[in-house]
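Have a look at the structure below before the remarks.
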């Protein structure tokens, strides 16, 4: 399944995209967030932290996908449109292809030439898909913060709140 996020698998729908990122970033972050609480037998805290971590993993992956459409190379380490050029099925691209079937047809047919990438990035952005994906990432962060609110106040909780906000601020 995770191979579907590789280049050219644009037939992947949004539900399958979520399934893939749940098995990758989200499950890793969920386990990491809950491990300490499990280790000391705090199962109620572990459940809240596990849910928080899963949501942060999803938010992180979506925010990373959005950077392909809004990030500057000096900040992201990769040129804008690189994922699109490789036809990687990211959430912004999948949403844009749902809204603009001709975009999907063109990208399914062949990989874009380097000279076409900036216009395609602009088309994805103009469709509202990149902004909508960022809003979805923010919703996952909000839900994760609600998970954290079930825990007692502490410096660790405050640090996790800061981490959660940073996940989407790096894109904004």
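The values are calculated or read from the model by the stated rules, or taken from the named source; none is laboratory data. All values reported here derive from a predicted model rather than from experimental measurement. Glycine also receives a Cβ, built like all others from the backbone with ideal geometry; neighbour counts cover every protein chain displayed.
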Using the structure shown, decide if residue 35 is more than 20 Å from residue 96 (Cβ to Cβ), modelled with pLDDT of 90 or more and not in a loop (DSSP other than H, G, I, E, B).
-> yes
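Hey, among 156, 133, 80, which residue is modelled with pLDDT under 95 and either farther than 26 Å from residue 15 by Cα or within 14 Å of the chain's Cα centre (by Cα) (or both)? Step through it out loud before you land on a result.
Details: 133 fails: modelled with pLDDT under 95; 80 fails: either farther than 26 Å from residue 15 by Cα or within 14 Å of the chain's Cα centre (by Cα) (or both).
Going through 156, 133, 80 in turn, just one is modelled with pLDDT under 95 and either farther than 26 Å from residue 15 by Cα or within 14 Å of the chain's Cα centre (by Cα) (or both): 156.
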Of the criteria (1) under 30 Å from residue 151 (Cα atoms); (2) surrounded by fewer than 24 Cβ atoms within 10 Å (Cβ to Cβ), which one residue 58 fails = (2)
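Return the residues of the stretch 107-117 that are touching a residue at least 12 places away in the same chain (Cβ under 8 Å), surrounded by 12 or more Cβ atoms within 10 Å (Cβ to Cβ) and assigned to a helix (DSSP H, G or I); say none if nothing qualifies. Spell out how you get there, then give the answer.
At the first step, the residues of the stretch 107-117 found to be touching a residue at least 12 places away in the same chain (Cβ under 8 Å) are 107-108, 111-112, 114, 117.
Next cut, surrounded by 12 or more Cβ atoms within 10 Å (Cβ to Cβ) only: 107-108, 111-112, 117.
Selection gives 107, 108, 117.
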Residues located in the stretch 139-164, provided they are closer than 24 Å to residue 66 by Cα and crowded, with 19+ Cβ neighbours inside 10 Å | 140, 141, 144, 160, 164
Give the stretch 64-80 a look and list any residue that's touching a residue at least 40 places away in the same chain (Cβ under 8 Å) and under 17 Å from residue 25 (Cβ atoms), or say none.
-> 65, 66, 67, 68
